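Working notes, structure below.
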Amino acid sequence: MAQTFNEDQYGKKIDRCLTDTLLKFGAGFAIGGVLSLLFFKRRSWPILTGSAFGIGVAYDNCERSLNASK
C-alpha cells in the first residue's frame, strides 16, 4: 500500500484548482467573445466580464476545496 502525504494531497488540489481556473476562464472568454461579436458591436466589456466571472467562480470552487480539509 502506497503512502500518501499531505503535501501530495495539497499539490493535487492546487493542480485541480489551476485546471479549473483555466477551463472557466477560457469558457468565460469564449462566451464573452461570442456575445461581443453577435450582440454588442465588438465591444470589449463582454469578454472582460465573462473572463472575470469565470475566474471568480473558479476561485470560489478552489477556496471551498482547500478549506474543506480543515
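The values are calculated or read from the model by the stated rules, or taken from the named source; none is laboratory data. Source: prediction; values computed, not measured. Glycine also receives a Cβ, built like all others from the backbone with ideal geometry; neighbour counts cover every protein chain displayed. The area values use the complete protein model at the heavy-atom level, side chains included, leaving out ligands, DNA and RNA. Shrake-Rupley method; radii C 1.70, N 1.55, O 1.52, S 1.80 Å.
Quick grid of which residues meet (1) out of contact with any Ser or Thr (no Cβ under 6 Å at 6 or more places or on another chain); (2) touching a residue at least 24 places away in the same chain (Cβ under 8 Å); (3) assigned to a loop (DSSP other than H, G, I, E, B); (4) surrounded by 12 or more Cβ atoms within 10 Å (Cβ to Cβ):
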{"position": "3", "(1), (2), (3), (4)": "yes, no, yes, no"}
{"position": "15", "(1), (2), (3), (4)": "yes, no, no, no"}
{"position": "40", "(1), (2), (3), (4)": "yes, no, yes, yes"}
{"position": "52", "(1), (2), (3), (4)": "yes, yes, no, yes"}
{"position": "56", "(1), (2), (3), (4)": "yes, no, no, yes"}
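Evaluate the range 55-68: report whether one residue or more is more than 29 Å from residue 6 (Cα to Cα), under 17 Å from the mean Cα position of the chain (by Cα) and not hydroxyl-bearing (Ser, Thr, Tyr). Within the range 55-68, none of the residues are more than 29 Å from residue 6 (Cα to Cα), under 17 Å from the mean Cα position of the chain (by Cα) and not hydroxyl-bearing (Ser, Thr, Tyr).
For the range 48-70, the set of residues classified as among the polar types (S, T, N, Q) and within 10 Å of residue 29 (Cβ to Cβ) consists of 51 only.
Quick check on residue 64: is it open to solvent by 50 Å² or more (accessible area, probe 1.4 Å) and in contact (Cβ under 8 Å) with a residue 24 or more places away in the chain? Working first, answer last.
Working: open to solvent by 50 Å² or more (accessible area, probe 1.4 Å): yes; in contact (Cβ under 8 Å) with a residue 24 or more places away in the chain: no.
No: the conditions fail for residue 64.
Taking the criterion of being farther than 20 Å from residue 63 by Cβ and open to solvent by 100 Å² or more (accessible area, probe 1.4 Å), the residues of the range 17-38 that qualify are 29, 31, 37, 38. Among the criteria (1) modelled with pLDDT under 90; (2) open to solvent by less than 80 Å² (accessible area, probe 1.4 Å), the one residue 10 does not fulfil is (2).
Go through the residues of the range 29-41 one by one and say whether even a single one is at negative phi and under 13 Å from the mean Cα position of the chain (by Cα). Yes, the range 29-41 contains a residue that is at negative phi and under 13 Å from the mean Cα position of the chain (by Cα).
Of the residues making up the range 1-52, those that are within 20 Å of residue 67 (Cβ to Cβ) and in contact with a Gly (Cβ under 6 Å, 6 or more places away or on another chain) number 1.
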